[in-house]
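Okay, structure first, notes after.
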Amino acid sequence: MRNLKLIIRREYLARVRNKTFIIMTFLSPLILVGMFMLVGYLSMLNSSEQQIIGLYDETGIFSSDFKDGRQVQYLDFSSLSFEEALVKVREQEYYGLIYIPEKENGDVGQVQFFGLEPPGLGTVQSVEKTISDRLTKRELMKRGIDISEMEAAEVKVDVEIQNFSGQRTSKMSNYIKMIFGGIAGYLLMMFIIIYGNMVMRSVIEEKTNRIIEIIVSSVKPIHLMLGKVLGTSLAGLTQFSIWVILGAVLLWITSFTLGIDVLSTQKEQMEMMEQMAQSDLSLFLADVYNLPLLSLFVFFVIYFLGGYFLYSSIYAAIGAAVDSETDTQQFMFPVILPLMLGIYVGFFAVIENPHGTISTVFSMIPLTSPIVMLMRIPFGVPWYELLISLSLLLITNLGVIWLASKIYRVGILMYGKKATYKELFKWLKY
Amino acid sequence: MDNLLVAENIYKSFGNYTALNNVSINVPRASIFGLLGPNGAGKTTLLRIINQITMPDRGTIYLDNKPLQPNDIQYIGYLPEERGLYKSMRVGEQALYLAQLKGLSKAEAKQRLEYWFEKLEISGWWNKKIQELSKGMAQKVQFVITVLHKPKLLIFDEPFSGFDPVNARLIKREILQLKEEGATILFSTHRMESVEELCDYMALIHKSNKLLDGRVSDIKKEYKSNTFEVGMEAKNEPALLAELQQKFIVGNATFKSIHTDLKLRIQLQENESANHLLEFLINRAQINHFVEVIPSVNDIFIQTVTRDA
């Protein structure tokens with residue numbers, strides 16, 4: 001036990017003192033925040049850009065329907081000749097010209113849009129809707145239907161969603177659960193890959209440095225392997241905590257410097273929600289608080305550790321089987337595959353049907369269960385399913401760590417040999 | 001005899017390959033024991049078994065007449081053939097870590113390290129990283145780490161193969177001093193001259209089998225063939241040669257001499273002694289050179305290995 005502690009301490013310090021670790025720990029939140037700010041800035045630029053569209057309306061019935069908005073401004077050129085209007089739009093580099101011809105019998109002909117580039121889908125849809133609305137109204141009037149009567153007769157239906165115990169939820173509920181579960185699952189996968197690789201590189205380093213034999217003459221190989229996995233996981237948790245703290249601080253600083261902007265957008269959101277009706281907003285907030293946040297956090301940590309130990313002991317065995325990182329390729333694919341599968345199952349099957357057969361099965365299989373189960377937890381998972389899933393994960397962990405330590409024990413003392421799967425299998429029997 | 005280490009009927013196989021086949025050795029206390037054999041003979045496997053890095057399939061290792069226990073690693077110092085250190089760790093920190101893994105307390109490890117660093121004149125290197133050191137310097141650090149916990153049994157696997165000549169001499173000196181202080185040293189090598197120079201006892205392993213073992217001087221006695229190198233001047237050399245060839249097995253010998261005389265290698269019968277030959281020669285020639293041919297370890301090694309093949 002004393003040696004295990006010494007090893008964990010050394011491995012932890014070796015990870016944490018590493019220059020790339022320090023740089024990545026402090027740089028990635030900055031990069032992330034920078035990226036968000038850039039995206040925000042660009043979309044602000046995009047939305048502040050106003051499109052000017054010329055309108056050439058031969059019928060003269062649409063000019064009042066094309067209303068200027070935040071992003072678009074309409075200029076009526078109907079008083080000019082069509083050729084003059086076209087030249088003007090081109091010379092002024094306007095976004096385009098809408099041409100509404102009138103047939104001899106007074107009907108509207110084929111509407112056309114002239115522009116340097118094809119217009120955006122949104123623009124086309126809004127133009128089509130504006131014209132179609134006006135024409136529909138005109139057609140209704142022609143047939144003697146009173147429009148105000150019709151509008152008054154319109155009935156709005158709003159389905160209220162409740163579960164069997166009578167608890168009301170908003171329509172956003174599933175969306176929120178999806179986001180929480182998705183983030184947790186994705187984070188877990190990234191952590192497993194990044195820190196599993198770290199364990200593997202550290203094993204390879206000990207092999208290429210030739211220090212391994214000096215160490216295993218003092219400690220048992222399995223202690224070294226466990227110490228490495230544990231020490232590295234502590235380094236991972238350290239990095240994670242720093243990110244959480246840094247993220248909070250940076251968010252505070254950005255919202256402080258961009259204070260007005262944040263407030264205004266919040267105001268807009270509030271207005272939007274108020275439009276969605278007062279009850280929806282409170283339901284939305286209730287949804288977030290109704291999420292099993294505490295159990296999500298607890299199971300996140302449990303599955304985090306379970307999945308991480310499972311994969312990082314496989315990574316350690318791979319590291320022991322090779323002489324350099326370039327030789328790891330042939331073993332990496334089978335490791336990444338179940339992780340990717342977990343993510344895909346999570347994003348397709350779980351979102352479609354969180355308690356369907358596929359979701360349930362994959363949240364039991366230990367190689368995918370940490371990711372898939374985490375995505376399911378916000379939707380509520382029966383305790384016996386959690387119990388089965390966790391027991392399977394624990395048993396598999398014990399088995400895999402045992403097998404990995406056998407490969408590890410033999411592999412670390414093999415130099416200059418590129419191991420094949422067949423050889424790995426043989427090592428299990430030594 | 002008082003043996004510190006006994007390996008009894010050790011078997012070890014890896015899959016279909018037998019690495020050690022019923023190998024036994026006895027290492028007497030406070031002696032230097034050389035484990036000889038060509039590359040791939042099984043030396044390193046035996047040393048790893050003694051260090052409990054690998055487990056034998058069958059057989060027992062006794063340390064101090066008791067079966068080897070996991071805790072016994074603190075009595076053993078091991079310098080493996082493939083050796084290195086963490087490149088990005090500082091020398092002092094690394095030495096402390098490895099010493100603590102051997103069971104020393106931090107304070108004690110530090111005190112002993114300071115003593116050794118001073119002795120080997122490397123005190124200034126405490127805060128350097130290994131990657132800043134030359135290979136020779138790193139080797140000194142490795143040696144210090146091996147002996148730091150004052151082990152009863154020191155095991156060196158091919159100790160001289162990686163060392164430069166200056167450090168090799170230093171290590172030899174330290175090995176001899178450690179023996180003086182009561183440590184028992186077991187080392188493996190395929191370089192025979194180091195055995196000749198250092199070892200009291202030896203064992204020869206070839207193709208997973210032990211071919212011979214014992215005190216070096218005893219083995220040499222056993223392998224000597226009652227042969228003598230003789231240099232002499234005679235009036236009638238051809239006649240003398242003919243007469244000798246009739247009585248003994250005679251060959252040519254090459255050795256340095258200030259005389260330009262007859263140089264022969266003469267093998268006697270088993271029941272004949274050196275006096276017998278001298279008696280015969282003394283009346284017939286002027287003897288300038290008379291030496292018994294003692295086989296070198298190298299000769300014994302080659303003779304045994306080829307005989308076995």
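Quick note: the coordinates plus some simple rules give every number you see, no bench work behind them. Keep in mind it's a predicted model, so treat the numbers as computed, not measured. Cβ placement follows ideal geometry from the backbone for every residue including glycine, while neighbour counts extend to all protein chains displayed.
General remarks:
- All distinct Cα pairs of the protein assembly as shown go into the 1/r average, and the inverse of that average, the Kirkwood radius, is 34.3 Å.
- Residue-averaged beta-carbon neighbours from other chains (10 angstrom radius) around B:77-83: 5
- Taking other Cβ atoms within 10 Å as a rough exposure proxy, A:S132, A:S173 sort from fewest to most as A:S132, A:S173.
- Compared with the dominant Cα axis of chain B, that is its longest principal axis, helix B:135-147 is turned about 80°.
- For segment A:346-430: span of alpha carbons on each principal axis (Å, largest first): 50, 24, 17
- Percent antiparallel among DSSP beta bridges (both partners in chain B, rounded to 5): 70
- Here the calculated FRET efficiency for A:L140 and A:I179, from their Cβ-Cβ distance with R0 = 56 Å, stands at 0.85, rounded to the nearest 0.05.
- Evaluated at q = 0.16 Å⁻¹, the base-10 log of the normalised Debye intensity for segment A:79-219, with identical point scatterers placed on the Cα atoms, takes the values -1.03.
- Distance (nanometres) between label positions extended 7 Å along Cα→Cβ at A:I336 and A:Q162: 5.1
- Label-to-label distance, nm, for residues given as B:K129 and A:D65 (7 Å Cα→Cβ offset): 7.2
- Every helix of 4 or more DSSP H residues in chain B counts as -39500 (n - 2.57), and over all residues that averages to -10500 deg cm²/dmol at 222 nm.
- Peptide B:140-151 has a mean of 1 when you count, residue by residue, the C-beta atoms of other protein chains within 10 Å of its C-beta.
- If only the Cβ of Lys and Arg carry +1 and only the Cβ of Asp and Glu carry -1, the dipole of the protein assembly as shown around its Cα centre is close to 3680 debye.
- Over 27 Å apart at the Cα level, from the set B:K152/B:K172; A:K220/A:K418; A:K19/B:K119, are A:K19/B:K119.
- Model label points for A:I52 and A:W383, set 7 angstrom from Cα along the Cα-to-Cβ axis, are 7.0 nm apart.
- A Cβ-based charge dipole, computed about the Cα centre of chain A with Lys and Arg at +1 and Asp and Glu at -1, lands at about 4020 debye.
- Ranking of B:T184, A:T420, A:T396 by neighbouring Cβ atoms within 10 Å, starting from the fewest: A:T420, A:T396, B:T184.
- Relative contact order, whole percent, for chain A stands at 18, derived from Cα pairs under 8 Å and 6 or more residues apart.
- Within 10 Å of each Cβ in B:84-90, the average number of Cβ atoms from other chains: 5
- Taking a ≥ b ≥ c as the square roots of the Cα gyration tensor eigenvalues, segment B:3-221 comes out prolate, since a/c reaches at least 1.5 and a/b is larger than b/c.
- For segment A:396-430, the residues whose backbone nitrogen is under 17 Å from a point 7 Å from the Cα of A:T326, taken along Cα to Cβ, are A:416-419.
- Chain A: radius of gyration over Cα atoms, expressed as a fraction of 2.2 N^0.38 Å: 1.42
- Residue among A:N3, A:M198, A:H355 farthest towards the positive dipole end of the protein assembly as shown, charges placed on Cβ: A:N3
- Size descriptor, Kirkwood hydrodynamic radius, that averages inverse alpha-carbon separations across segment B:225-293, Å: 12.0
- Selected from A:I314, A:I407, A:I61 as most flexible by GNM, with chain A as the system and alpha-carbon contacts under 10 Å: A:I61
- Measuring max minus min along each principal axis, the C-alpha atoms of segment B:1-109 give extents of 42, 33, 23 Å (largest first).
- Cβ-derived FRET efficiency at R0 22 Å, A:S295 paired with A:F348, nearest 0.05: 0.35
- Burial ordering of B:I282, B:I25, fewest other beta-carbon atoms within 10 Å first: B:I282, B:I25
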